[in-house]
Amino acid sequence: MNKERLIIFDTTLRDGEQSPGATMDQDEKLRIAKALERMRVDVIEAGFAIASQGDFEAVKAIADTVRESTICSLARAKAEDIDRAAEALAGAESGRIHTFLATSPIHMEHKLRMTPDQVVENAVAAVKHARNRIDDVEFSCEDAGRSELDFLCRIVEAAIDAGARTINIPDTVGYNIPEQFAHTIRSLLERVPNADKAVFSVHCHNDLGLAVANSLAAVQAGARQVECTINGLGERAGNASLEEIVMAVRTRQDLFPVDTGINTREIVPASKLVSTITGFPVQPNKAIVGANAFAHESGIHQDGVLKHRETYEIMSAEDVGWHTNRMVLGKHSGRAAFRARLEELGIPLGSDASLNIAFQRFKDLADKKHEVFDEDLQALVSDTRQTAEQERYQLVVLEVTSCTGETPKARIVINVDGEEREATAAGAGPVDATFKAIESLVQSNCSMSLYSVNAITSGTDSQGEVTVRLEKGGRIVNGHGADTDIISASAKAYLNALNHFASGLQRAHPQAADV
């Protein structure tokens, strides 16, 4: 029996980036986009082109580079948003503009301050304008999960008539439950006269922990595109998890009349890459990509798996990319092999100067670690992606003293705007002392809302990956650092966060301004 295609629309680079502090730079976005292309994701939402110059350049770079996936940019229902998106997508092999307008009574009244007639009029105008710029247009009914069904039918019909090829029905605030959401999708497909002229999509948030369940219920009701993110990344409680959607459909082919074109063996590598770049670790018990997803503690379970895997495993770990990580390089590896492996991982280092810096840091790491894995290389590049010219604060020396019964002390030397400064501080622990020493020099007055440590690979010589989240004046940034020494990694992460603050880059939220 021929299965219909379920289109996988990944929004890690757009909606996923709206997680507090998860902002990615252009190089990082490009690395993730290439990983999604290797995974054979159908549509990559690369960003919100009008949000900032950085967002525009990132969307453009991805559109100019990725050839095997459709590249999409979000745009509010405003001509200037749509034109900016079209400009960013000009070099795409296959491009899409995704425009949206709120349709729930609460949003129309309190955010848009528009009547339903005005909303329909603006939606039609936006879709028509987008179709004049590009063939592939998607229209989203923001907050569809709390919208009136009769009005949804009306605006969806009008948007399709105006030229929208894809109609997205988002559960923007994660309010729906599966049976209810499936009823909405089924009703739209039955009641909208021109429903057969568009692909119906869903975009579910996880506020009640039901994003994946709602998405799958919608697929069974007739939706043929799911919008999701790697690791379920996203603002608030996140989005539907790509890996869970794909593997649920793949594993339960007895129930789903669809399948995806995803190369599932790229799921775990993509998960680890996104975790490394964003600094959001994957919890061990996370489905599919968590460290414990295929681990068995119970003796009964272990015995069953050894006798026949399917007694307690419904998927193969290898099928989603576990146990495929190999030692790629060691301390005797040369520059050519190093460059070649980075390019295989989608991490080209443009200039010889950048390659030289990265290669030297690789050699330093190889002296500390006997086995250097792909994850180590991803972390190494993330840790060194900023050039000296881009960093206001650079770590020069860190010396920490910690002894049982004694107060830990840290001495640090950092380069601030080209000038070396030194400070010493005591703290409750070595990390606390290090951070206090840094603060005594920079006096940022930031508050720390997160400190997280995650082992990149297994073994006692594993690099520790540290994430530090700082907040000041309503702005939130994440800093990342990796090292075999956790204290050094912590100092790097703190300074990385301060460098983000110093860069002063700001971006608009797609829902921050009235349409």
Give the relative contact order (percent, whole number) for the chain; include only Cα pairs under 8 Å separated by 6+ residues. 12
Let me know the shape class of region 200-241, please: from the alpha-carbon gyration tensor, a ≥ b ≥ c as square roots of the eigenvalues, rounded when a/c is under 1.5, otherwise prolate if a/b is greater than b/c, or oblate. prolate
Quick one: grab Rg to one decimal and Dmax as a whole number for region 175-257, Cα atoms only, in Å. 12.6, 37
Using the Cα atoms as the points, what is the convex hull volume per residue of region 1-105 in Å³? 131
Going highest first, how would you order 279-287, 71-79 by mean Cβ packing within 10 Å? 71-79, 279-287
Distant alpha-carbon pairs in region 341-480 (separation over 18 angstrom), percent: 67
For I486, the net charge from surrounding residues (Cβ-Cβ under 11 Å; K, R +1; D, E -1) works out to -2
Counting only protein heavy atoms and rolling a 1.4 Å probe, one gets per residue an accessible area for region 1-159 in Å² of 36
For the chain, longest principal axis from Cα atoms; helix 211-221 axis from its Cα atoms; angle between them, nearest 10 degrees, is 30
What angle, in degrees between 0 and 90 and rounded to the nearest 10, separates the Cα long axis of helix 178-191 from the longest principal axis of the Cα atoms of the chain? 40
For the chain, what is the convex hull volume of the alpha-carbon atoms per residue, in Å³? 166
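Run through region 98-167 and list the trypsin sites (Lys or Arg not before Pro) located in a DSSP loop whose Cβ has at most 15 other Cβ atoms within 10 Å. Walk me through the numbers before you get to the answer.
Numbers: sites: K111, R113, K128, R131, R133, R146, R154, R165; in loops: R113, R165.
Taking region 98-167 and a limit of 15 other Cβ atoms within 10 Å, the loop trypsin sites (Lys or Arg not before Pro) found are R113.
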Candidate lysines - alpha carbon under 16 Å from K60, same-chain residues fewer than 8 apart omitted: K29, K34
Local electrostatic count at R5 - Lys and Arg +1, Asp and Glu -1, tallied over other residues with Cβ under 14 Å: +1
State the volume of the convex hull built on the alpha-carbon positions of region 115-187, expressed per residue in Å³ and rounded to an integer. 85
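Of the accessible area of the chain, with the probe set at 1.4 angstrom, what percent is carbon plus sulfur?
48
The values are calculated or read from the model by the stated rules, or taken from the named source; none is laboratory data. All of these numbers come straight from a predicted model, not from anything done at the bench. Glycine gets a Cβ as well: all are built from the backbone with ideal geometry, and neighbour counts include every protein chain shown. Please note that ligands, DNA and RNA were not included when accessible areas were found on the heavy atoms of the full protein model with its side chains. Shrake-Rupley method; radii C 1.70, N 1.55, O 1.52, S 1.80 Å.
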